[in-house]
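Just below is one structure, and these are the notes that go with it.
The values are calculated or read from the model by the stated rules, or taken from the named source; none is laboratory data. The structure displayed is predicted, hence computed values, not measured ones. Cβ sites come from the backbone with ideal geometry, for glycine too, and all protein chains shown count toward neighbours.
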Amino acid sequence: MNELIDGTLEFYQLKEMMSSHKDPERFEIYREVLQERVSWDDPILLPYGLHLYIVQKSDGDRIVKCDCGHEFCNYKENWKLHARIFVRDTEEKMNEIYPKLMSPDPEWQVIREYYCPNCAVQLEVEAVPPWYPIILDFEPDIDTFYKEWIKRPMPTKA
């Protein structure tokens, strides 16, 4: 499972895994592996993105949390509003990542990079028109997910 999460599986292993029977316990195994990789004890309810998780706090709150332990906000809020944001909105900034003359026109499109304020890991990138609001990726229905899909109670402790 660690190799799958790290993206280090050989293609033939990945293809075999995708083509074979799916273990009904796979989500719980995945969640346990993720939990072992972090230094904090709040139980992971769902992975939310690279380096991000929805966790259950001891007071019952469900929040978005980074690998490093930084707590962003309630999972129903947009965590991006609590991140460090770097906006590539000039040709100079675009040319740092694109070859000259191959970058988007900053009058039509900007690139927003979201970083954890604590550990500075890049969490997400959006390419949007300059006037476009910050995108909320999704708001999962955690209770229904556990009740209807996982068919077991949510974890209460790590």
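Quick rundown of the values:
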read-out: Ile63 surrounded by 16 or more Cβ atoms within 10 Å (Cβ to Cβ), over 17 Å from Val125 (Cβ atoms), touching a residue at least 40 places away in the same chain (Cβ under 8 Å) and within 15 Å of the chain's Cα centre (by Cα); value: no
read-out: Residue within the stretch 64-75 that is of a type in the set (D, E, K, R) and at pLDDT below 95 present; value: no
read-out: Flag if Tyr12 is of a type in the set (Ser, Thr, Tyr) and in a helix (DSSP H, G or I); value: yes
read-out: Exclusive hit being within 22 Å of the chain's Cα centre (by Cα), within 20 Å of His70 (Cβ to Cβ) and at pLDDT below 95, set Asp141, Asp137; value: Asp137
read-out: Search result, residues across the stretch 23-47 that are touching an Asp or Glu at 6+ places or on another chain (Cβ under 8 Å) and buried (at least 16 other Cβ atoms within 10 Å of the Cβ); value: Val38
read-out: Pair list, Cβ under 7 Å, 6 or more apart: the stretch 80-106 residue on the phi < 0 side of the Ramachandran plot, other residue assigned to a helix (DSSP H, G or I) and surrounded by fewer than 11 Cβ atoms within 10 Å (Cβ to Cβ); value: none
